[in-house]
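Worksheet for the structure shown next.
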Amino acid sequence: MKDQADELRKMMGAKDKRPQRIISVSSGKGGVGKTNIAVNLAIALHELGQNVLLIDADLGLGNVNVILGNMPEYNLYHVIKGVKKMHEIVVDTEYGIRYIAGASGFSSLANLSARGLSKLISSMDSLNDADIIIVDTGAGISDQVAYFWLSSDENIIVTTPEPTAVLDAFSVVKVIASEDSEADIKILVNRVTKPSQAKVVSDNIISASKNYLNMDVKYLGYIFEDKTIPYSVSQQFPFYQYDNKCQASMSIHNIAKKIADMEYSDSRDTKGLSGFMETLSRFLTKNGNVKNANIKKSN
């Protein structure tokens, strides 16, 4: 009877399992708090019962390890080169989340053979237990960064109220819209002094996106300016764990709850981690082929 009950629970669990969500956290410019938000959002989602995997996909200046206070020995590059298996590069943190350092590994995807890519995607099965995968992308609108947005199920664009940051955030929307007019884009406004300030910023981006790009962009929320944040960063400690009652932590909790409570349907077209990697690889390979063709042409 016990075996039958266990089997029934497994079957019910599989049936009720939500689609694995790939959420990229991006920004049009550096210095808006993108990585800090990605890390603390992952921790807040974990505390709400989500199994969260965080991927540091900033190919130039990955800082997830700085905020978490550890330095991983291995990253995705070592998996691609066959030195390590996927489960061996996953870092378990004291905050309940796991994370993977991408480093130069993602850019190496373009050079993988079909067999190598297939093996890499198969190795992702060991991470299928994650409910939400948060991808901390690089800042800016380079091609490689854009490929992460276009390979994700959902995109969170972080901005501040500063005019330059707002314009750069809208530039991100424009790039995504040019490739996928139905992309799921949400605006998160960081470092606000009052909620109305965030609403004005988000309304401007949402209105411009609708009027000029025919794109439906959503408002996710805001995070208060908080002196706890720079201090916690200096201590290499996530602010949500340092003081979960400060204004910034309460803000990130509200955003995490909104994400966790979002409705889904069985027909939801989500890629999952293996699908994300496969789509990303296609973009990188296509871009690599174009560059190689241009080089040959110039020669």
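The values are calculated or read from the model by the stated rules, or taken from the named source; none is laboratory data. Not measured: the values here are computed from a predicted model. Note that we place each Cβ from the backbone using ideal geometry, even for glycine, and neighbour counts take in every protein chain shown. For the accessible areas, the whole protein counts, side chains as well, though only heavy atoms, and no ligand, DNA or RNA atoms are used. Shrake-Rupley method; radii C 1.70, N 1.55, O 1.52, S 1.80 Å.
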Determine, yes or no, whether K199 is open to solvent by 40 Å² or more (accessible area, probe 1.4 Å) and touching a Lys or Arg at 6+ places or on another chain (Cβ under 6 Å).
no
Examine region 256-263 for a residue that is under 19 Å from V52 (Cβ atoms), modelled with pLDDT of 85 or more, among the charged types (D, E, K, R) and not in a helix (DSSP H, G or I), and state whether such a residue exists.
yes
L54, sole failed condition from (1) at pLDDT 95 or above; (2) in contact with a Ser or Thr (Cβ under 7 Å, 6 or more places away or on another chain)
(2)
Number of the exception - N128 against (1) over 20 Å from R282 (Cβ atoms); (2) at pLDDT 95 or above; (3) not aliphatic (A, V, I, L, M):
(2)
Q241 vs. criteria of a type outside the set (K, R), open to solvent by 70 Å² or more (accessible area, probe 1.4 Å), within 24 Å of N51 (Cα to Cα) and touching a residue at least 40 places away in the same chain (Cβ under 8 Å)
no
Quick one: G221 ticks every box in (1) modelled with pLDDT of 95 or more; (2) at positive phi; (3) assigned to a loop (DSSP other than H, G, I, E, B) except a single one, so which number is it?
(3)
Can you tell me how many residues within region 151-169 are touching a Leu at 6+ places or on another chain (Cβ under 9 Å) and either open to solvent by 30 Å² or more (accessible area, probe 1.4 Å) or over 18 Å from P19 (Cβ atoms) (or both)?
3
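Quick one: in region 172-197, which of the residues that are in contact (Cβ under 8 Å) with a residue 60 or more places away in the chain and under 18 Å from the mean Cα position of the chain (by Cα) is nearest to G31 (Cα to Cα)?
Applying the filter and picking the extreme gives N190.
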Within region 222-238, can you find the residues that are under 17 Å from V166 (Cα atoms) and open to solvent by less than 10 Å² (accessible area, probe 1.4 Å)?
I223
Options V32, V39: the member that is surrounded by 14 or more Cβ atoms within 10 Å (Cβ to Cβ), in contact with a strand residue (DSSP E or B) (Cβ under 6 Å, 6 or more places away or on another chain) and at pLDDT 95 or above:
V32
The one condition in (1) touching a Gly at 6+ places or on another chain (Cβ under 8 Å); (2) open to solvent by 30 Å² or more (accessible area, probe 1.4 Å); (3) on the phi > 0 side of the Ramachandran plot; (4) not hydrophobic (A, V, I, L, M, F, W, C) that G96 fails to fulfil
(1)
I'm checking my understanding of the structure. Among residues of region 91-113 that are farther than 14 Å from L284 by Cβ and among the aliphatic types (A, V, I, L, M), which one is modelled with the highest pLDDT?
I97
If the Cβ limit is 8 Å and pairs must be 6+ apart or interchain, which residue in region 68-82 that is within 14 Å of I55 (Cα to Cα) pairs with which residue that is at pLDDT below 85 and in a loop (DSSP other than H, G, I, E, B)?
N75/G102; L76/G102; L76/F106
Matching residues, region 128-150, being open to solvent by 20 Å² or more (accessible area, probe 1.4 Å) and under 19 Å from N63 (Cβ atoms)
A139, S142, Q144
